[in-house]
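J.: Let me give you the structure first, and then I'll get to my questions.
The values are calculated or read from the model by the stated rules, or taken from the named source; none is laboratory data. Being a predicted model, the structure only gives us computed values, none of them experimental. As a convention, Cβ positions derive from the backbone with ideal geometry for all residues, glycine included, and neighbour counts pool all protein chains shown.
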Amino acid sequence: MKFRKKPVIVDAVRWHRNGDHPDDDVMRRYEDTGGMPDSPREGAVVRYYRTPSMDGKTLCQYCDETMHMHGWIDTLEGGHIVCPGDWIITGIKGEFYPVKDEIFQLTYEAVNE
């Protein structure tokens with residue numbers, strides 16, 4: 001059986017570094033003290049890269065950048081690494097997930113609103 005993907009318009013933002021996503025709010029108040037940060041915090045949507053199995057100096061198998069330059073995003077399926085240049089898509093339920101640029105270019109086209 002074959003299926004066609006239903007046409008759905010999504011919001012997408014290309015991510016390159018901490019704070020790139022408009023909902024990251026890197027200057028938001030600290031949750032525990034209510035104080036304002038002196039410098040940008042990690043993003044609220046795309047957080048700092050973190051995984052205990054690799055340190056930040058390891059090269060990424062997909063983009064050859066050090067893992068220190070990457071982000072981390074929690075999706076409905078679990079956490080995913082975000083490479084610089086990936087697109088962050090807001091799904092139909094308001095969830096966020098990363099898509100590699102090559103796949104994004106093949107799957108999506110701009111919509112005039």
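Conditions (1) in contact with a helix residue (DSSP H, G or I) (Cβ under 9 Å, 6 or more places away or on another chain); (2) among the β-branched types (Val, Ile, Thr); (3) surrounded by 12 or more Cβ atoms within 10 Å (Cβ to Cβ); (4) at pLDDT 95 or above, marked per residue:
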{"site": "GLN61", "(1), (2), (3), (4)": "no, no, no, no"}
{"site": "ASP64", "(1), (2), (3), (4)": "no, no, no, no"}
{"site": "ILE81", "(1), (2), (3), (4)": "yes, yes, yes, no"}
{"site": "GLY85", "(1), (2), (3), (4)": "yes, no, yes, yes"}
{"site": "ILE92", "(1), (2), (3), (4)": "no, yes, no, no"}
{"site": "VAL99", "(1), (2), (3), (4)": "yes, yes, yes, yes"}
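J.: Got at least one residue in the range 34-45 being part of a loop (DSSP other than H, G, I, E, B), polar (S, T, N, Q) and under 14 Å from the mean Cα position of the chain (by Cα)?
T.: no
J.: Right, another one. Can you list the strands (runs of 3 or more DSSP E) found entirely within the range 57-113 that contain at least 1 residues being of a type in the set (Gly, Ala, Ser), over 20 Å from ARG17 (Cα atoms) and out of contact with any Ser or Thr (no Cβ under 9 Å at 6 or more places or on another chain)?
T.: Working: elements: 71-75, 78-82, 87-90, 96-99.
Ranges flagged: 78-82.
J.: Taking the conditions exactly as written (within 19 Å of MET69 (Cα to Cα), at pLDDT below 90 and surrounded by fewer than 10 Cβ atoms within 10 Å (Cβ to Cβ)), does SER53 satisfy them or not?
T.: Working: within 19 Å of MET69 (Cα to Cα): yes; at pLDDT below 90: yes; surrounded by fewer than 10 Cβ atoms within 10 Å (Cβ to Cβ): yes.
Here the answer is yes, as SER53 does meet what is asked.
J.: Right, next: Tally up the residues in the range 1-22 that are part of a loop (DSSP other than H, G, I, E, B), touching a residue at least 24 places away in the same chain (Cβ under 8 Å) and surrounded by 10 or more Cβ atoms within 10 Å (Cβ to Cβ), please.
T.: Going through the range 1-22 one residue at a time, the tally reaches 8.
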